[in-house]
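Chemist: Dropping the structure in here first, questions after.
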Amino acid sequence: MSSEQNPRPEAAAPVAADAAGPRPARLTAAAALAGLEGLALVAGGLWMLVGGLTGHPDDRTQAVTGGVTLVVLALLPLLAARGLLARRGWSRGPAVITQIMALPVAYNLLQADSVAIPAGIVLAVVAVAALVLIVNPETTRALGIRGPGGPRN
């Protein structure tokens, strides 16, 4: 048989080029930002949930549903942060999706005539910074993601 039918062990499992080295700071920073967004969603969801159950909201069902929704949505950035820290290639997709979902929320907060404007500024800055860090070539290499035209394994 030819060597093409029996792949070499090193070609069988693709490994990140920099997997043996330390985790890049950009990757750690992207994971930290995604984790902070996840924790903020959990905190907001629990606040809405507790307020809906103990307070006097206009619509208790809507408050509880909103709180549960935020807590469930927090799973996406939290899982992405964990995957980024563990250098898993799959984690880049959820991390990018989280940032793209955060941008319209930031825009809506910036349109408000209230104290939500500073929150919108912070969210926009965090989302853009995280996007830049996530798509950085150094981060991509550390996650073992090959670009178009890259060597095939």
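Chemist: Output the number of residues of segment 75-110 satisfying the condition of being under 20 Å from LEU123 (Cβ atoms), without any contact (Cβ under 8 Å) to a residue 60 or more places away in the chain and of a type in the set (Gly, Ala, Ser).
Modeler: Qualifying residue count for the region: 3.
Chemist: Also, quick follow-up: With segment 16-85 as the region, which helices (runs of 4 or more DSSP H) entirely inside it contain at least 2 residues that are open to solvent by 50 Å² or more (accessible area, probe 1.4 Å) and of a type in the set (Gly, Ala, Ser)?
Modeler: Ranges flagged: 25-54.
Chemist: Related question: From the list GLY93, GLY120, which one is under 16 Å from ALA40 (Cβ atoms) and either of a type in the set (Gly, Ala, Ser) or open to solvent by less than 30 Å² (accessible area, probe 1.4 Å) (or both)?
Modeler: GLY120
Chemist: May I ask you to list pairs of residues, at least six apart or on different chains, whose Cβ atoms are under 7 Å apart, with the first in segment 116-144 being farther than 18 Å from ILE97 by Cα and touching a residue at least 24 places away in the same chain (Cβ under 8 Å) and the second being open to solvent by 40 Å² or more (accessible area, probe 1.4 Å) and in a helix (DSSP H, G or I)?
Modeler: The qualifying pairs are GLU138/ARG26.
The values are calculated or read from the model by the stated rules, or taken from the named source; none is laboratory data. The shown structure was predicted, so the numbers you read here are calculated from the model rather than taken from an experiment. We place every Cβ from the backbone using ideal geometry, glycine too, and count neighbours over all the protein chains shown. Please note that ligands, DNA and RNA were not included when accessible areas were found on the heavy atoms of the full protein model with its side chains. Shrake-Rupley method; radii C 1.70, N 1.55, O 1.52, S 1.80 Å.
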